[in-house]
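The values are calculated or read from the model by the stated rules, or taken from the named source; none is laboratory data. Computed from a predicted model, the values in this text were never measured in an experiment. Backbone-built Cβ (ideal geometry, glycine too); neighbour counts: all protein chains shown. Surface areas here come from the heavy atoms of the whole protein model, side chains and all, with no ligands, DNA or RNA. Shrake-Rupley method; radii C 1.70, N 1.55, O 1.52, S 1.80 Å.
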Amino acid sequence: QVQQNMSSPEISSLSWGHMKVKGCSSSYKDCKVWPGGSRAWDWRETGTDHHPGVQPADLEEVLKKGIDLLVIGRGMSEALQVPSTTLDFVRQKGVDVKVLQTEKAVAEYNKLAGQGAKVGGVFHSTC
């Protein structure tokens with residue numbers, strides 16, 4: 001059964017290599033969040049690296065959660081690339097996408113989540 005009105009959880013804290021999501025006891029290095037949940041973003045699952053960067057496979061899971069907007073945090077010093085092919089993939093799913101430095105990305109995500117938007121995020125918390 002699909003639960004209606006599941007809100008996107010706020011990111012309660014962010015520091016280098018460390019993220020916490022409101023209502024979740026574990027902390028993450030990199031994380032994925034969506035309405036009603038979160039989990040660690042483990043690059044080993046998809047073979048992702050800073051170059052060429054975020055792949056459609058990294059985002060697919062979050063895009064399936066019925067979001068309208070995806071926020072991508074590229075790291076504290078924006079070392080993580082986001083290829084245009086990945087952005088096209090997101091837009092083809094009918095989802096808007098914003099790519100920002102991670103602190104700005106988290107602030108933007110939290111603002112939208114606080115307004116009740118159906119927003120998802122993938123955040124890289126180191127370089």
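Exactly one condition in (1) closer than 20 Å to THR126 by Cα; (2) among the small types (Gly, Ala, Ser); (3) open to solvent by 40 Å² or more (accessible area, probe 1.4 Å) is not met by ALA57; state its number.
Every condition holds for ALA57 apart from (1).
Would you be able to say whether some residue in segment 68-81 is of a type outside the set (D, E, K, R), surrounded by fewer than 16 Cβ atoms within 10 Å (Cβ to Cβ) and touching a residue at least 40 places away in the same chain (Cβ under 8 Å)?
Scanning segment 68-81 turns up at least one residue that is of a type outside the set (D, E, K, R), surrounded by fewer than 16 Cβ atoms within 10 Å (Cβ to Cβ) and touching a residue at least 40 places away in the same chain (Cβ under 8 Å).
Quick test of your reading of the structure: MET19 fulfils all but one of (1) outside any loop (DSSP other than H, G, I, E, B); (2) surrounded by fewer than 17 Cβ atoms within 10 Å (Cβ to Cβ). Name the failing condition by number.
Exception for MET19: condition (2).
Residues of segment 32-47 being among the small types (Gly, Ala, Ser) and either open to solvent by less than 20 Å² (accessible area, probe 1.4 Å) or outside any strand (DSSP E or B) (or both), which ones?
GLY36, GLY37, GLY47
Among the residues of segment 68-79, is any touching a Cys at 6+ places or on another chain (Cβ under 7 Å) and on the phi > 0 side of the Ramachandran plot?
Yes; the residues of segment 68-79 include at least one that is touching a Cys at 6+ places or on another chain (Cβ under 7 Å) and on the phi > 0 side of the Ramachandran plot.
Report yes if GLU45 is acidic (Asp, Glu), without any contact (Cβ under 8 Å) to a residue 40 or more places away in the chain and within 16 Å of LEU100 (Cβ to Cβ), otherwise no.
Criteria not met by GLU45.
Looking only at segment 99-125, count every residue that is touching a strand residue (DSSP E or B) at 6+ places or on another chain (Cβ under 6 Å) and either open to solvent by 80 Å² or more (accessible area, probe 1.4 Å) or more than 16 Å from ILE11 (Cβ to Cβ) (or both) and tell me the total.
Of the residues in that region, 1 qualify.
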